Each structure stands twice: as C-alpha cells, then as structure tokens.
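For reference, the structure discussed in these notes is given below.
Readers should treat all values here as calculations from the given coordinates under stated rules, not as data from a laboratory. Computed from a prediction, not measured in an experiment: that's the story for all the values here. For neighbour counting, all protein chains shown are included, and Cβ atoms are generated from backbone atoms with ideal geometry for every residue, glycine included.
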Amino acid sequence: MNSKQHTVVDSPCGPLTLVADNGVLCGLYMTGQRHRPAEEAFGERVGAAEEPFAEVARQLTAYFAGRLTAFDVPVRLEGTDFQRSVWEQLVRIPYGETWSYGQLAAELGKPNASRAVGLANGKNPVGIIVPCHRVIGASGSMTGYGGGIERKVQLLTFEAGARQLPAFSS
C-alpha cells in the first residue's frame, strides 16, 4: 500500500508539487525540475486543504508574500547519509544570504568535498523549504539549480529585498 499523497499548489515559481509520506512532507518539486521523480511515485492526489499540505501551502504563501523567512513544517529527507547531512546544513543558511559550495563543504567538516556537496544539493527533494537555491559558486556565479537558473535568480533576488516575487516565466 502506498502511503504517499501529493497535491499541487500555485506559486510565483509556477506549480509546486507537494509530496507527503505518512503525513510528513518529503517532496516539493517544481515543473521541469531536474531529478524530479515520476508522477507515479507521488501517490494519490488529494486537495491542498488536506494535512500536511494545508500548513505547507499556508507557509509557502506567507514566504512568497515576504512575511515568512524560515519554515517550520516537519520534513522527511530521504537520501544517503551524506545527502541528508548536506540538506540539513542548508536550513542553516540565513534568509537573504548565500553560501558557496566550498563554504557548505567546510561547514560539514569536509572542505575538499565541494563537488560532492553540489551533487547532493542538486538532489534536494524539498526545494525552497530546504533552501538549496542559497548555494552559489565560489565566484558568486549562479551555478546549477534543479529548478533552473532563472528560478534560482528569482528566489535570491526576492530574498535579497525585492518587495514581491515576480512571476516565473516558463
């Protein structure tokens, strides 16, 4: 029996697919996202008013309106131990700030693992809430983002002080 459920909510970044397993958020995927699982893996589609989706949607709405800078919904991050350690570190990057892949690797105590950190970052299953968009290249370059560089720039510009998140143009 599949314990996963999903819903789709609108956002300035385009439709977001929220996935929960046994009532805990385990996925937030953008349209066209790299490493997005097949739709069949998301389980039954339910309404956005179902829990935990109602609270996730409420917090996403507040985030996109500029009223929320840190999420507090429970998430289940499914991946290798190393991937989970990277994703857990991502939530430590303050709103409106960026870290380089090297800085993130150093925070993990693995200063030579910036490439592995980048690969793990790209497979983050809970985008936006686990803010992988806040990681940039050492030179400040907008390197890879599973949701696309345009979305990464959009999110970083918004967090840096834009009053409103402009709509994503796909």
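For the stretch 88-139, which chymotrypsin sites (Phe, Trp or Tyr not before Pro) are in a loop by DSSP, counting at most 14 other Cβ atoms within 10 Å? If you can, show how the numbers build up before the last one.
Details: sites: Tyr95, Trp99, Tyr101; in loops: Tyr95.
Of the chymotrypsin sites (Phe, Trp or Tyr not before Pro), the ones in loops of the stretch 88-139 whose Cβ has at most 14 other Cβ atoms within 10 Å are Tyr95.
Please list, ordered by chain and number, the residues whose modelled amide H lies under 5 Å from the amide H of Ser11; skip anything fewer than 5 residues away on the same chain.
HN-HN under 5 Å from Ser11: Leu16.
Could you tell me which trypsin sites (Lys or Arg not before Pro) in the stretch 15-106 are loop residues by DSSP with no more than 16 other beta carbons within 10 angstrom of their beta carbon? Mind showing how you got there, number by number?
Numbers: sites: Arg34, Arg45, Arg58, Arg67, Arg76, Arg84, Arg92; in loops: Arg34, Arg67, Arg76, Arg92.
The qualifying sites are Arg34, Arg67, Arg76, Arg92.
How large is the charge dipole for the stretch 4-64, taken about the Cα centre, if only the Cβ atoms of Lys, Arg (+1) and Asp, Glu (-1) carry charge, to the nearest 20 debye? Please list the in-between numbers first.
Working: 5 positive and 8 negative charges, 48 e Å.
Dipole size: approximately 220 debye.
Ranked from highest to lowest mean number of other Cβ atoms within 10 Å per residue, what is the order of the peptides 4-11, 131-138?
On the way: 4-11: 17.6, 131-138: 21.2.
Ranking the peptides 4-11, 131-138 by packing returns 131-138, 4-11.
Taking Cα pairs under 8 Å and at least six residues apart, what relative contact order does the chain come out at, in percent? Walk me through the numbers on the way to the answer.
Details: 262 pairs, mean separation 39.5, N = 170.
Taking the mean separation of contacting Cα pairs over the length of the chain, I get 23 percent.
Could you check how many percent of all C-alpha pairs in the chain are farther apart than 20 Å? Write down the numbers at each step before the final one.
Details: 7086 of 14365 pairs.
Distances greater than 20 Å cover 49 percent of the Cα pairs.
Place +1 on the Cβ of every Lys and Arg and -1 on the Cβ of every Asp and Glu in the stretch 97-163, take the dipole about the Cα centre, and give the residue among Asn124, Thr157, Gly102 whose Cα lies farthest towards its positive end.
The residue sitting most towards the positive pole is Asn124.
Under unit Cβ charges (Lys, Arg +1; Asp, Glu -1), what dipole magnitude, rounded to 20 debye, does the stretch 81-159 have relative to its Cα centre? If you can, show how the numbers build up before the last one.
Numbers: 8 positive and 6 negative charges, 33 e Å.
Approximately 160 debye in magnitude.
Can you give the Rg/Rh ratio of the stretch 81-159, where Rg is from the C-alpha atoms and Rh is the Kirkwood radius? Write down the numbers at each step before the final one.
On the way: Rg = 11.1 Å, Rh = 12.2 Å.
Value, to two decimals: 0.91.
So if each residue of separation counts as 0.36 nm, and I subtract the Cα-Cα distance between Ala138 and Asp10, what length gain in nm does that give?
Working: separation 128, 0.36 × 128 = 46.08 nm, distance 3.27 nm.
Result for the pair: 42.8 nm of gain on full extension.
In the chain, what % of DSSP beta bridges are antiparallel (nearest 5)?
Numbers: 12 of 18 bridges.
Restricted to the chain, the bridges split so that about 65 percent are antiparallel.
For the stretch 81-159, what relative contact order do you get, as a whole percent, if you take Cα pairs closer than 8 Å and at least 6 residues apart?
Value for the stretch 81-159: 33 percent.
Counting other beta carbons within 10 Å of each residue's own, what order do Ser100, Ser139, Ser3 fall into, fewest first?
On the way: Ser100 18, Ser139 7, Ser3 11.
Taking fewest neighbouring Cβ atoms as first place, the list is Ser139, Ser3, Ser100.
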